1. Roughly what % of DSSP beta bridges within the chain run antiparallel, to the nearest 5?
2. Figure the gain on full extension for D81 and S14 (residue separation times 0.36 nm, minus the Cα-Cα span) and round it to one decimal in nm.
3. Calculate what fraction, in whole %, of the accessible area of the chain sits on carbon and sulfur atoms when a 1.4 Å probe is rolled over the protein chains.
4. Treating the beta-carbon of each Lys and Arg as +1 and of each Asp and Glu as -1, no other charges, what is the dipole magnitude of region 60-149 about its Cα centre, to the nearest 20 debye?
5. Taking the Cβ-Cβ separation of E247 and T221 as r and a Förster radius of 25 Å, what is the calculated FRET efficiency to the nearest 0.05?
6. With each run of n ≥ 4 DSSP H residues scored as -39500 (n - 2.57), what mean residue ellipticity at 222 nm is computed for the chain after dividing by its residue count and rounding to the nearest 500 deg cm²/dmol?
7. Quick one: Karplus J couplings for region 221-228, per residue in order, coefficients 6.51, -1.76, 1.60, θ = phi - 60°, nearest Hz, x for Gly and Pro?
8. For region 1-99, report the translational diffusion coefficient in µm²/s to the nearest whole number, using Stokes-Einstein at 25 °C, 0.890 mPa s, and a Kirkwood Rh over Cα pairs.
Amino acid sequence: MKTAVMTDTNSGISQQDARSMGIFLLPMPVIIDEETRYEGIDLTEEEFYESLKGGKNVSTSQPSPADVMDMWDQILKEGYDEIIHIPMSSGLSASCPTAISLSADYDGKVMVADNHRISVTQKASVLYAKKLADAGLPAKEIKAKLEADAYNSSIYIAVDTLEFLKKGGRVTPAGAALGAVLNIKPLLTIQGEKLDAFAKLRGMKKCKARMVEALKNDRETRFKDIPAERLLIGTAGANLTEQEASEWKQMMEDAFPGAYVYYDPLSYSVGCHVGPKAYGTGISIVAED
């Protein structure tokens, strides 16, 4: 069986990286002042964050059923026997249940994994799926492995400004104003299903140190029996400079010697809620063969 691996840009994977990895990448739609654009296609990171900071009306949406099925149809026409599709977590978007419903019309040729992940941990799942597909595993077995491993991950995100959480209704205007005065940065976490509050700290430096501490705690409790070489530490950021991204990645490399550490920009679906200069990190496990 020739199995294609497909995901969406919520994984943090760029179109260029997707081509080099041999996977298929569905761009997520972004609506800016009622105009629909597509992440990594006709909307750059710079344009996206300039729109956010410029006060434009910015929101994200799930892909249309037509866009999803068109990509599936094209992949099958290219000679693949089946597809393993890995969208963002069903707890964070309707993209996954919609895709599962659409796949019912494909006679088992499309398997949608409800992997309960996003961003750097979703990317880890895609890399694992690609490894399994290259080894000849059918999509149904890959789906089962991904879903069994779904919750073996954690994500933490430090938000630099409360402005965009306020716009999304997650912080009151009074709370946002007070936070700005006191330089309070909320630290959020994603444990599969939803975005939750984790801590509040004064200043981004303390937030970054707390994220390292949180990941170390996960490593020493939930993943204490996992050897370092099976740890994947993803770092991410929203509109960071090259230097900021490099320093953040280096901080995690120093904290987790022997682990594989990588950096990807936060997807626009996340960036839309947390705003520019947010920092994120996640831990996931390379599953045994």
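The values are calculated or read from the model by the stated rules, or taken from the named source; none is laboratory data. The structure presented is a predicted model; accordingly, all values stated were derived computationally and were not measured. Note that we place each Cβ from the backbone using ideal geometry, even for glycine, and neighbour counts take in every protein chain shown. Please note that ligands, DNA and RNA were not included when accessible areas were found on the heavy atoms of the full protein model with its side chains. Shrake-Rupley method; radii C 1.70, N 1.55, O 1.52, S 1.80 Å.
1. 65 percent
2. Between D81 and S14, full extension yields 21.6 nm more.
3. 50 percent
4. Around 360 debye, computed over region 60-149.
5. According to the calculation, E is roughly 0.35.
6. It comes out at -12000 deg cm²/dmol, rounded to the nearest 500.
7. For region 221-228, the Karplus-derived couplings read 10, 5, 10, 5, 8, 8, x, 4 Hz, x marking Gly and Pro.
8. Rounded to a whole number, D works out at 170 µm²/s.
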